[in-house]
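One structure below.
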Amino acid sequence: MSEITRHNFEEKYNEVVEHLKNATVIAVDTEFTGLLSDPEYKPSLFDTGNERYKKLRLSIEQFLVMEVGITTFRCIEDEYKFEANRYTFYIFPRSFASVDNKFMCQASSLEFLCQNNFDFNKVRIEKVSENQRKILEENMNSDKSLEEDIMDSLLGFSRLFKLLTELKKPIVGHNLLVDLMIMYNQFHEHLPTHLTHFKKKIHSLFPVIYDTKFLSFELKKLLKKEDTWDSNVLSNLYLFFKYGRGRHIVLMSPLIQLQNENDQDTQLKVPKCSATGAENYDPSQELDVKFHEAGWDSYCTGYCFIRMAHIFAHVTLGRLIDGRLLSGRELLIGVTSKKNCVNVIRGSVSHMCLDGPDPISQRPRWLHVKSKDFRMIDVSQVAELFAKFGAVDVKPFSRYRALVAVGNHGSAQDILRQFRRHKDFAVSYYHPLRHSFVAQAFLWSGVVVSSGICIYLLYKAFSKAETPMGPSQ
């Protein structure tokens, strides 16, 4: 793996560009200084796609990318293998004249990076001696002016981001929405206010995007239970597809080789595996294994993508490809229907579609909880009571009522069944016409108006009946 800092960026730039241009797919990953700038922006099962985008945008604008991982995968069809080259770019803004960037750091995010051996001394500034300065100046690119060198230095990784947008190669990530948004904001321009505008712009920059977390959910629906994984956390998926059953679900999966590193499919001793991963996995077998290090995670993401795409291709193309190796194009055809769908964590929708409208929510209807004795409802108490049934989010609806969003239909039915005769709370599915104050007020106003009209008409009818007839002419 190559670690890219500002000191060797120019030296490695042409190498990185060449690998990007020759890539079949490009996997990316980012690490950042924080994610949640305010507790109000926490993900919720109530969130629509628009609401989730707004929350993320308001948080992301406060933080910065610290690492970008990029792994290029080039398909060599006559050998049916993918050559991978991975890089970790250490990112940090530099002050220039009056420009001095300000950003937030979240303690939990920095602690997480430290626990995973992130080296904060990589964006470090070193003072050079006069002799070293002369040598550096002599080695400057003679084809460029001093102004061009300064501009390139200031642009840094933004130059590669621009190249990625120009190449229009398939981009792969795991749980990719946040990575896309934070890179767009830091290396392109400020995030648009509305989700529809963001979708339009990100789709124009990257027309083909794959999210391996979304793919893992979709693939799991097609496989037998014994052929699936317990968790779709990236590290678990990687172990499953490299050392577990995932490697052999469909035969003739392509070779994946990291260049200039020891992590080669043909050289490693495969440990004893369980159905869901590697029981006796020893990270020392692989060189420089660092989950949550951006370069390594980007490689693992691309690795899982190729393995899943191979399975999807066999499911999609069926007998057309039985008994033979696939081309890189056929491999991608298998996942074409899944492109531009990015996973949404704990939302009312499972994913967003970057090239069209979001899917209709498959979550169960909200639950309506009412206090039976007209005590003020305690949202945290309701959340605690319902938590044992699975993922739930609770928000107040009035002084005596609350709404509950539930992760799946089974959990919703379990809650309704268990609370059917509860002494404190009445629980039912939420019905807007029955439970909404606005709807009830509208209906009651309609009843009042209708009653008034009926009374008026009856009055007119009786008045007419009681009017004495005049003398006949």
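How large is the accessible surface per residue of the stretch 1-80, computed with a 1.4 Å probe and reported in Å² as a whole number?
Numbers: 3460 Å² over 80 residues.
It amounts to 43 Å² per residue over the stretch 1-80.
May I ask you to rank Val208, Val68 by accessible area, largest first, using a 1.4 Å probe over the protein chains only? Walk me through the numbers on the way to the answer.
On the way: Val208 35, Val68 0 Å².
Output order, biggest surface exposure first: Val208, Val68.
Taking all protein chains in place and a 1.4 Å probe, what share, in percent, of the accessible surface of the stretch 294-362 do carbon and sulfur account for? Working shown, then result.
Numbers: 1500 of 2620 Å².
The value for the stretch 294-362 is 57 percent carbon and sulfur by accessible area.
Report, in whole Å, the centroid distance computed from the Cα atoms of the stretch 27-84 and the stretch 355-393.
Value for the Cα centre distance between the two parts: 28 Å.
On a 23 Å Cα-Cα criterion, which of the cross-link pairs Lys169/Lys290; Lys81/Lys220; Lys372/Lys395; Lys42/Lys423; Lys221/Lys242 come out too long? Walk me through the intermediate numbers first.
On the way: Lys169/Lys290 26 Å; Lys81/Lys220 25 Å; Lys372/Lys395 18 Å; Lys42/Lys423 32 Å; Lys221/Lys242 20 Å.
The pairs that break the limit, which is 23 Å between Cα atoms, are Lys169/Lys290; Lys81/Lys220; Lys42/Lys423.
Applying the Karplus parametrisation 6.51 cos²θ - 1.76 cosθ + 1.60 with θ = phi - 60° to the phi angles of the stretch 60-65, what ³J(HN,Hα) value in whole Hz is obtained for each residue in order, glycine and proline being reported as x?
Taking θ as phi minus 60°, the curve returns 4, 4, 8, 10, 10, 6 Hz for the stretch 60-65.
Could you give the accessible area per residue of the stretch 330-444, probe 1.4 Å, as a whole number in Å²? Don't jump to the answer; show the numbers that get you there.
Values: 6550 Å² over 115 residues.
Per residue, the stretch 330-444 has an accessible area of 57 Å².
Given 0.36 nm per residue, what is the gain on full extension from Glu189 to Leu58 after removing their alpha carbon distance, in nm? Display every interim value, and only then the final one.
Numbers: separation 131, 0.36 × 131 = 47.16 nm, distance 1.46 nm.
Full extension of this stretch gives 45.7 nm more.
So which GluC sites (Glu not before Pro) in the stretch 53-90 are both in a DSSP loop and have at most 16 other Cβ atoms within 10 Å of their Cβ?
Details: sites: Glu61, Glu67, Glu77, Glu79, Glu83; in loops: Glu61, Glu77, Glu79.
For GluC sites (Glu not before Pro) across the stretch 53-90 that sit outside H, G, I, E and B with at most 16 neighbouring Cβ atoms in 10 Å, the list reads Glu61, Glu77, Glu79.
The values are calculated or read from the model by the stated rules, or taken from the named source; none is laboratory data. In this text, all values refer to a predicted model and were calculated from it rather than measured experimentally. So basically every Cβ, Gly included, is an ideal-geometry build from the backbone, and we count neighbours across all protein chains shown. Accessible surface is based on the protein model in full, side chains and every heavy atom, while ligands, DNA and RNA are left aside. Shrake-Rupley method; radii C 1.70, N 1.55, O 1.52, S 1.80 Å.
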